[in-house]
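Where a number appears in this text, it was derived from the coordinates with a stated rule and is not lab data. All figures in this text were calculated on a predicted structure; none of them were measured in a lab. Backbone-built Cβ (ideal geometry, glycine too); neighbour counts: all protein chains shown.
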Amino acid sequence: RSREMVERIAGTTFPSSFTDEDVLLVGTGRRAPTDAERRELGELAAVLPLVLG
C-alpha cells in the first residue's frame, strides 16, 4: 500500500526491480539511489525526493 501511495504522488510507477522498501527510501529521500537505480529511474530521478507534506 505504501508503494502505491508514493507512486500515486509521483504520478508514475517505479521500476519493478525496486523493492517496496527501495521505493519508500529512495522516493522520500531517506536513501540516495545508486547509479544503476538512477539509470533505471530515468526522468523520475530528477524529481526525487518527493515532498510528502
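At a glance:
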quantity	calculated
Candidate set: the stretch 25-53, residues that are among the charged types (D, E, K, R) and surrounded by fewer than 15 Cβ atoms within 10 Å (Cβ to Cβ); chosen: the one nearest to residue 8 (Cα to Cα)	43
Every residue from the stretch 14-31 that is within 16 Å of residue 52 (Cα to Cα) and either of a type in the set (S, T, N, Q) or in contact with a Gly (Cβ under 7 Å, 6 or more places away or on another chain) (or both)	28
Total residues in the stretch 2-13, condition basic (Lys, Arg), within 11 Å of residue 50 (Cβ to Cβ) and either touching a Ser or Thr at 6+ places or on another chain (Cβ under 8 Å) or surrounded by 13 or more Cβ atoms within 10 Å (Cβ to Cβ) (or both)	0
